[in-house]
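Enquirer: First the structure, then my questions, so here it is.
The values are calculated or read from the model by the stated rules, or taken from the named source; none is laboratory data. What you see is a predicted model; the values in this text were computed from it and never measured. Positions of Cβ are backbone-derived with ideal geometry, glycine not excepted, and every protein chain shown enters the neighbour counts.
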Amino acid sequence: MTTTTTTFTVTSQPGPLPPHPRPPLPHRRPLLPHHRYHPSHHRPPQPTGRDLADEFLSLHNTARRDANLPPLVWDTKLEQYAKQYAVQRGNTDCAELIHSHGPYGENIFWGGGPEWRPKDAVEQWMHEEKFYDPDANDCKDGQMCGHYTQIVWRDSCRLGCALQRCKNNDTFVVCSYDPPGNYVGEKPFLHYDN
């Protein structure tokens, strides 16, 4: 079995993230505790650069198309923000899932080992669709659905993601969304056709 390591070049020095252009949003739906996943078999090498961005964007836009929503566009500012945070998390315990608490909507994922791809993270987030109750506009009791609702949030139009190998060779994924979603009392989309 071969191990592939993916590194990202970050143009700024590691350290604190840049100041937020607006204060954190207190009215977003809180997510329940995160699940941790382990790959069951060897995966192909990680995509890098533009291929990585294209894979994240394509997966998100497939989900949005299925919900009759317009596609997201890739945003290099969000990508850079996600990369900075992923590098910061990669230098610590990636298994401890901590959000950046920044100005953007955010989905995070941790996987044990280096074999994880964007598809694995986005599929886990999309798996929560079955736990979203559109009539109650909430997650079903004891379930998470906030990752799914962020992906299909009607007002989100820009996306930037990063995938980082951690010091222990695990994988950390973060996607940033602008405008952010998951506002309490608001629905992710206006109608639900499923």
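Enquirer: Quick check on this structure: which one of ASP141, ASP170 is charged (D, E, K, R) and surrounded by fewer than 15 Cβ atoms within 10 Å (Cβ to Cβ)?
Expert: From the options ASP141, ASP170, the qualifying one is ASP141.
Enquirer: Go through the residues of region 138-158 one by one and say whether even a single one is of a type in the set (A, V, I, L, M), assigned to a loop (DSSP other than H, G, I, E, B) and within 13 Å of the chain's Cα centre (by Cα).
Expert: Within region 138-158, one or more residues are of a type in the set (A, V, I, L, M), assigned to a loop (DSSP other than H, G, I, E, B) and within 13 Å of the chain's Cα centre (by Cα).
Enquirer: Restricting to region 54-81, what's the tally of residues that are touching a Leu at 6+ places or on another chain (Cβ under 9 Å), in contact (Cβ under 8 Å) with a residue 40 or more places away in the chain and not in a loop (DSSP other than H, G, I, E, B)?
Expert: Residues that pass the stated criteria total 10.
Enquirer: Of the residues that sit in region 57-85 and are among the charged types (D, E, K, R) and closer than 18 Å to GLN124 by Cβ, which one is modelled with the lowest pLDDT?
Expert: The qualifying residue modelled with the lowest pLDDT is ASP66.
Enquirer: Is it true that some residue in region 104-122 is without any contact (Cβ under 8 Å) to a residue 40 or more places away in the chain, acidic (Asp, Glu) and closer than 27 Å to PHE189 by Cα?
Expert: No, the conditions are met nowhere in region 104-122.
Enquirer: OK, next. Tally time: how many residues in region 82-98 are hydrophobic (A, V, I, L, M, F, W, C) and part of a helix (DSSP H, G or I)?
Expert: Final tally of qualifying residues: 3.
Enquirer: Please tell me if TRP116 is touching a strand residue (DSSP E or B) at 6+ places or on another chain (Cβ under 8 Å) and either outside any strand (DSSP E or B) or of a type in the set (Lys, Arg) (or both).
Expert: So TRP116 fits the description; yes.
Enquirer: Search region 123-137 for residues being within 19 Å of the chain's Cα centre (by Cα) and charged (D, E, K, R), and hand back the single one that is nearest to PHE56 (Cα to Cα).
Expert: GLU123
Enquirer: Suppose the filter is acidic (Asp, Glu) and over 19 Å from VAL73 (Cα atoms); does GLU186 pass it?
Expert: yes
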